[in-house]
Every structure is written in C-alpha cells, then in structure tokens.
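Some notes on the structure that comes next.
Taken together, the values in this text are just the output of simple stated rules run on the coordinates, not laboratory data. Note that the coordinates shown come from a computational prediction; the quantities given were computed from them, not determined experimentally. Note that we place each Cβ from the backbone using ideal geometry, even for glycine, and neighbour counts take in every protein chain shown.
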Amino acid sequence: MRYNVLLWDLDGTLTESKEGITRSVQYALKRLDYPLCEPDSLDWIIGPPLKESFRTLLHTTDEALLDRAMLIYRERYQKLGLYENIVYPGIPELLAQLKEKGCQHLLATSKPRVFAEKILQHFSLASYFSVIMGSELNGQFVDKDCLIAEVLKTIPASSRSKTVMIGDRNYDVSGARANHIDVISVGYGYGTEEELRAASPNFIVQSVAELGELLLDS
C-alpha cells in the first residue's frame, strides 16, 4: 500500500460538524451583542484556529474580548455543539478496512483534544485510533504544522515515506508540507475547490468512496 500511517483531520474529514460549530459561534456572537451571521456564510471558520476566526468576526485585536468569545463558545459547544455532528457515511467502514490491512490511524485536529476525544468516543470511532491529538485549551498546538509535528513524534522516522495527512482545508496541506509528508485533500468537506487546488496537495478526492479507492487500492 502507498500509505500505512494515516493522519486524519476531524471536522470536514471524518465528521460533518457545521451545525454544532456555527450554532455555538452564533451563541457567542449573541451573548457579546454582535450581529449574527447566517450559518451558510460561516463555512470558512471550520478548520482554522477558532480564535483567529473570532478575530475576523469581531473585527478586533482585543485579546481579552477574544478570550471571552472563546469561553462563551465553549460553554455551548461542550454541552451541545460537539454532538450536533454527523459521521460521513462510509467513514467507519473505511477506518475498519484500513486498520485490518495494517494501517495505523492518528488523529491530528486543531480542535481541542478534550472535545475531539469525546466526539470520537460518542460516535464509536475512538477504537480505530492509536493517537488522538488536538490542540490544548490554552492554545498550544493550535497551528497545524506544530500539531502534525507533535503527532509525528509518536511514529518512527523511517515511516515518514508511507505517512499521509488527510484533511479538507489548505491548513492541512501547509501543515503536512511543513513536516515533509504527503497530503490528501477531501473535496467533500469545508474547503472550496479553488482553495484546495491552490494548496496543491498530492491528491484531491471528492468522496469517501474515492478516498477509499486511493488508500486501499494503491
């Protein structure tokens, strides 16, 4: 097989998480007396570090305000938002097939690790992963290149040539490139076609089925 160590993004790659994230963002905006945005206009916030997205939404550089926005967001997200989520059809089966073939699954998400762990457990995906890595609530590992570097510490250096990052945004591509591993972009997530093509991943697939064909038949 072309790859046997698979680093996975979460939002937009394993799960369709828009509802929980956008509702929690709207909750924070409302509490802070800022104008609400239509959920369909908020796809761009899914993937990048959330604090930076709030910086754009709130048009501010006030760190205290940004920290407050994050706290309010998490009030709702940890109770409701992380469960307003759907596993993409075919993902559990694909993870199982790949694991049976000897592939190692590692999660590499900018989402706080504590939330990522709960999501994988809730949707019965945790058992497929040998490593579940996310950012910390204090902001550590929120940047994808640092996060991927930390995940790669858990595997032998000799495995790098058969390691791939799988994600739906340009941040996944740039993070993989910074760590000298291949990257597959999935077009069914939250990144636009223009964004992904401009990022120049090794492969772009448009469906879970196509991703399976690439990983299983190579």
Label model pair SER41, LYS101: point-to-point distance (7 angstrom along the Cα→beta-carbon line) in nm is 4.3
Of the listed links LYS51/LYS101; LYS101/LYS144; LYS51/LYS162; LYS99/LYS144, those spanning more than 31 angstrom between alpha carbons are LYS51/LYS101; LYS51/LYS162
The summed charge of the MET1 Cβ neighbourhood (under 10 Å; Lys/Arg +1, Asp/Glu -1) stands at +2
In nm, the gap between the two label points placed 7 Å beyond Cα toward Cβ at LEU216 and ARG31 is 4.3
hull vol. (C-alpha, convex hull) per residue for the chain, Å³ -> 111
For region 18-83, inverting the pair-averaged 1/r of distinct alpha-carbon atoms gives a Kirkwood value in Å of 11.6
Descending packing, highest mean Cβ count within 10 Å first, for 37-45, 158-166 is 158-166, 37-45
In the chain the DSSP beta bridges are antiparallel at a rate, in percent to nearest 5, of 10
Taking the alpha-carbon centre of each part, the distance from region 110-137 to region 1-42 in Å is 15
The whole-number value in µm²/s of the Stokes-Einstein translational diffusion coefficient for region 119-218, with Rh from the Kirkwood sum over alpha carbon pairs at 25 °C and 0.890 mPa s, is 169
Any lysines whose Cα falls less than 19 Å from that of LYS79, other than same-chain ones fewer than 8 residues away, would be LYS18, LYS30, LYS111, LYS118
Between the alpha carbon centres of region 182-205 and region 85-106 the gap in Å comes to 19
Within region 123-218, DSSP-loop GluC sites (Glu not before Pro) with at most 14 other C-beta atoms within 10 Å are GLU136
FRET efficiency (VAL114, LYS153; Cβ distance; R0 25 Å; to 0.05) is 0.80
So, with points 7 Å from each Cα along the Cβ direction, the GLN78-CYS146 label distance in nm works out to 2.1
Rounded to the nearest 10, the angle in degrees between the Cα long axis of helix 63-77 and the longest principal axis of the Cα atoms of the chain comes to 70
Diffing region 118-134: the Karplus 3J(HN,Hα) column from phi (6.51, -1.76, 1.60, θ = phi - 60°), in whole Hz with x for Gly and Pro, holds 5, 5, 4, 5, 4, 9, 6, 10, 4, 5, 7, 9, 7, 9, 10, 10, x
